[in-house]
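I have placed the structure first, in the form of structure tokens, so that the comments after it can refer back to it.
The values are calculated or read from the model by the stated rules, or taken from the named source; none is laboratory data. Treat the numbers as computed from the prediction; the structure is a model and nothing was measured. We place every Cβ from the backbone using ideal geometry, glycine too, and count neighbours over all the protein chains shown. Please note that ligands, DNA and RNA were not included when accessible areas were found on the heavy atoms of the full protein model with its side chains. Shrake-Rupley method; radii C 1.70, N 1.55, O 1.52, S 1.80 Å.
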Amino acid sequence: MNTFEQAQQRIVVIGAGYSGLMAALRLSPHAQVTLLDPVGHLTERVRLHEVAAGRPESEVTHPLNARFLRHTRITHHTGRAVSLDPAARTVTTDTGLVLPYDRLVYALGSTTRLPDRSERLFTAESAPALHKRLLDGPGRLAVVGGGLTGIEMAAELAERHGRDWQVRLLTSDTLAPGLSVKGRAHLRTTLASLGVRVEEGHRISDPDTVDADAVVWSASMVPNTGLAADAGLALNSVGRIDVDAAHRSVSHPEIYVAGDAGGTHRMSCQAALPMGSRIATSIIAEGRGKGPVAHPVSFVLQCVSLGRRNGLVQSVRSDDSPRELVLTGRPAAFVKEQICASTVKTMSFAARRPGAIPLQPGF
Ligand SMILES: Cc1cc2nc3c(=O)[nH]c(=O)nc-3n(C[C@H](O)[C@H](O)[C@H](O)COP(=O)(O)OP(=O)(O)OC[C@H]3O[C@@H](n4cnc5c(N)ncnc54)[C@H](O)[C@@H]3O)c2cc1C
């Protein structure tokens, strides 16, 4: 494909989270890019526990057009993808649009799966409602899920609302099983100092059985793969889209899968953001008549905020297994905050200088 044909390539990106927006921005000078997302802004999901504790939602949402897209050639549609037809290579939206594509970037992320819905049950996605409920306190709060999102949620809420709310953290496993012994020990000490009671080996399948006035469900992040499954894309053993080394669907290689929706790596912003950029590199290479580029997912750190004044930075091997090296306390809180802030800054930079993004380590 020559440069002219390449510029005519139609790329549809569904989902404007960390991975989808990054892919769209990087691709924008090279192709006709259409970005589809139901909300007109990027939500910093990594800060939703801060919103639950009281941070204004407006501080963690960034308007797509004003902040990222206005100097690009990206066409943005506000709408939800409701069906995908890989044979016709089209995506249909809930507003009735049919978007044809040569390459699709499937970046619909993940969500917390709720076993039930009730007035006293909340998730990270319902953070503003949870905050409202906390202001109606005092009471007993249970966070279900001892992974990193549950831990961050329990610590943040205890630090901010611990005077009015007794906070418990319930988990079926040990606390943060993916961390080192030293890292876990720091979590335990900090949670205890914030007044959080940790109950391990406590499997909850029905939130109604939890003795609490409010329950935050942080137990299961599930990939948004309904659309893919309905369209016949192959899923892997963990229910995510099965992908090859270049993050293309193994059953439909014209569909790239970015972020949490595909693969087997830890669902994370840490993986999603560079993956959006690397997928763009592959699509650009394909447009130039070269093969797609293999990009293994590799990790450096696991970072946990423990309220605003404490944290844990756990050094990990590229396969995400923990080393013994950890940073704790205020320095770790500072590092974690810089990392969170860098996500939006990187995206703004990609909007201005998309070609410079691959020069950054890991991108
Ligand atoms: C409270 C919390 C704290 C976290 N902390 C960290 C952390 O510290 N570090 C870390 O690495 N990760 C963290 N994560 C995980 C991280 O947020 C996710 O892994 C990351 O957001 C995944 O990025 P993504 O691009 O795959 O999708 P997402 O960011 O989930 O974006 C998906 C996008 O798809 C859109 N969408 C959904 N359905 C449709 C549809 N039908 N049509 C069109 N668009 C659609 C959504 O509106 C959204 O914009 C945290 C998550 C939570 C909930």
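Miscellaneous remarks
- Between VAL167, VAL181, VAL196, the distinction of being more than 14 Å from the ligand (Cβ to nearest atom) and open to solvent by 30 Å² or more (accessible area, probe 1.4 Å) belongs to VAL181 only.
- When LEU21, LEU25 are screened for being more than 9 Å from the ligand (Cβ to nearest atom) and not in a loop (DSSP other than H, G, I, E, B), only LEU25 passes.
- Members of segment 223-241 found to be more than 11 Å from the ligand (Cβ to nearest atom), open to solvent by 30 Å² or more (accessible area, probe 1.4 Å) and within 18 Å of the chain's Cα centre (by Cα), listed by number: VAL238
- Any hit, segment 53-64, residues being over 26 Å from ALA127 (Cβ atoms) and over 20 Å from the mean Cα position of the chain (by Cα): no
- Qualifying residue in segment 58-81 (condition: farther than 20 Å from LEU21 by Cα and within 10 Å of the ligand (Cβ to nearest atom)): no
- Cβ separations smaller than 8 Å between residues 6+ apart or across chains give the following pairs from segment 172-193 residues that are within 19 Å of MET267 (Cβ to Cβ) to residues that are charged (D, E, K, R) and open to solvent by less than 30 Å² (accessible area, probe 1.4 Å): GLY178/ASP320.
- For segment 242-260, the tally of residues that are in contact with a strand residue (DSSP E or B) (Cβ under 7 Å, 6 or more places away or on another chain) and either open to solvent by less than 30 Å² (accessible area, probe 1.4 Å) or of a type in the set (Phe, Trp, Tyr) (or both) stands at 8.
- Here the condition is being more than 10 Å from the ligand (Cβ to nearest atom) and either at pLDDT below 95 or outside any loop (DSSP other than H, G, I, E, B) (or both); of VAL39, VAL46, VAL33, it holds for VAL33 alone.
- Looking only at residues of segment 37-69 that are over 30 Å from GLU152 (Cα atoms) and touching a residue at least 24 places away in the same chain (Cβ under 8 Å), we find that the one that is most open to solvent (accessible area, probe 1.4 Å) is ASN65.
- Test: residue in segment 277-297 that is at pLDDT 95 or above, of a type outside the set (S, T, N, Q) and within 9 Å of the ligand (Cβ to nearest atom): no
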